[in-house]
Amino acid sequence: MAEKVVIIGSGPAAWSAAIYAARAELQPLVFEGAVTPENELNGTLPLGQLALTTEVENYAGFPAGELQSFLETALSPDRFQYLKKTEEKHAVTGPELMELMRQQAVNFGTRIITDDVVELDLKRRPFAVRPRGTDPVEAQTLIIATGAKANYLGLPSEEKYKRNGVSACAVCDGALPRFRGKPLIVIGGGDSAVEEATFLTKYASKVHMVHRRDKLRASMIMQERALGNKKIQMEWNHELHEVLGSDKDGVTGVRLTAPLGPATKNSRPAAYSWRSATRQTPHF
């Protein structure tokens, strides 16, 4: 029997679709993605990009308060391994919000397969869905809600400080206390990098754009916007070599290198945070 509804993805859009479909008694089946080293490196683990951020302050309905007791009664105990304990009062973190969305879908009868979909056949009906490691299924209706993906550089130090000073979403995290009033770093030279750097000037004391070439790849109007902003400082002909920091303080500095030259220690005295330009190729 073909599934009535198959949903591919596990971000906010996917869980919202699952909740609506489940409440309509369509018995949705969700492929949330696989938990693999490859997906971890690519930033494509289940629960989407929001699970890679920290506090979420612009999602209605979660004013700052003691959330722990609510989470303990709302979520299945086995899901707490994916949550990072937060001591101080806060609204809701990205992982917490995504776990709550997932649980709400489960409560209405959504079935979940933790696997990647590697092939679709949309030329026939019902549609054919082939996962990587589980049995193929057929679907009368298919919802693809795979969202976007942040492109990271793949540095071990970058992975170490994700959620602790390394962010892939300026709009999500720029206004948080960790980043507000601090010098920040944006890696890249395209439109996305300029857009995010410009946004961060609202909160940062200084935004350093690190680019491996001597000119930007962004459109002319975006280039003018960046080069004309006094709070943006260009770091030409350099690449990010290492993110510096500690478990206690998170990111405290960076080490930059010239693309074709020897490593040059260029760590900063103040707390630096780095974010990768979304939807761009690493190493510009």
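The values are calculated or read from the model by the stated rules, or taken from the named source; none is laboratory data. None of these values were measured; they are calculated from a predicted model. Here Cβ is always computed from backbone atoms with ideal geometry, including for glycine, and neighbour counts include all displayed protein chains. Ligands, DNA and RNA are excluded from the accessible area calculation, which covers all protein heavy atoms including side chains. Shrake-Rupley method; radii C 1.70, N 1.55, O 1.52, S 1.80 Å.
Tabulated results
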| quantity | calculated |
| --- | --- |
| Tabulated pairs, segment 172-193, first at positive phi and of a type outside the set (Ser, Thr, Tyr), second in a loop (DSSP other than H, G, I, E, B) and surrounded by 22 or more Cβ atoms within 10 Å (Cβ to Cβ), C-beta under 6 angstrom, 6+ apart or interchain | GLY188/ALA277 |
| Residue satisfying all of: in segment 1-23; touching a Ser or Thr at 6+ places or on another chain (Cβ under 7 Å) and not hydrophobic (A, V, I, L, M, F, W, C); nearest to GLY94 (Cα to Cα) among these | GLY9 |
| Residues that are part of a loop (DSSP other than H, G, I, E, B), open to solvent by 20 Å² or more (accessible area, probe 1.4 Å) and under 11 Å from PHE199 (Cα atoms), drawn from segment 170-183 | ALA175 |
| Meets criteria (farther than 30 Å from TYR152 by Cβ, modelled with pLDDT of 85 or more, in a loop (DSSP other than H, G, I, E, B) and open to solvent by 90 Å² or more (accessible area, probe 1.4 Å)) for GLU72 | no |
| In segment 84-111, residue modelled with the lowest pLDDT [restricted to those that are out of contact with any Ser or Thr (no Cβ under 6 Å at 6 or more places or on another chain), assigned to a strand (DSSP E or B) and closer than 22 Å to PHE70 by Cβ] | HIS90 |
| Enumeration of residues in segment 139-169 that are assigned to a strand (DSSP E or B) and within 14 Å of the chain's Cα centre (by Cα) | LYS162, VAL166, SER167 |
| In segment 112-126, residue most open to solvent (accessible area, probe 1.4 Å) [restricted to those that are free of Cβ contacts under 8 Å to residues at least 24 places away in the same chain and of a type in the set (D, E, K, R)] | LYS123 |
| Among (1) at pLDDT below 90; (2) surrounded by 14 or more Cβ atoms within 10 Å (Cβ to Cβ); (3) touching a helix residue (DSSP H, G or I) at 6+ places or on another chain (Cβ under 9 Å); (4) farther than 23 Å from PRO177 by Cβ - the single one ASN42 does not satisfy | (3) |
| Which listed residue is more than 24 Å from the chain's Cα centre (by Cα) and either more than 17 Å from THR44 (Cβ to Cβ) or surrounded by 14 or more Cβ atoms within 10 Å (Cβ to Cβ) (or both), from GLY94, GLY61, GLY133, GLY109 | GLY109 |
| Per-region count, segment 52-66, residues over 11 Å from LEU97 (Cα atoms), in contact (Cβ under 8 Å) with a residue 12 or more places away in the chain, hydrophobic (A, V, I, L, M, F, W, C) and part of a loop (DSSP other than H, G, I, E, B) | 1 |
| Single residue of segment 1-29 satisfying the filter (under 11 Å from ILE144 (Cα atoms) and part of a helix (DSSP H, G or I)) that is least open to solvent (accessible area, probe 1.4 Å) | ALA14 |
| Conditions (1) open to solvent by less than 10 Å² (accessible area, probe 1.4 Å); (2) part of a loop (DSSP other than H, G, I, E, B): number failed by LYS215 | (1) |
| Residue that is least open to solvent (accessible area, probe 1.4 Å), among those in segment 228-258 that are more than 24 Å from the chain's Cα centre (by Cα) and over 15 Å from LYS206 (Cβ atoms) | THR257 |
| Sole residue being farther than 30 Å from ALA170 by Cα and without any contact (Cβ under 8 Å) to a residue 12 or more places away in the chain, chosen from PRO37, PRO77, PRO28 | PRO77 |
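To keep it simple, each residue is scored yes or no on (1) within 30 Å of ALA91 (Cβ to Cβ); (2) at pLDDT below 90.
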position	(1), (2)
LYS182	yes, no
ASP191	no, yes
GLU195	yes, yes
LYS215	no, no
ALA226	no, no
GLN233	no, no
LEU260	no, yes
ALA263	no, yes
ARG275	yes, yes
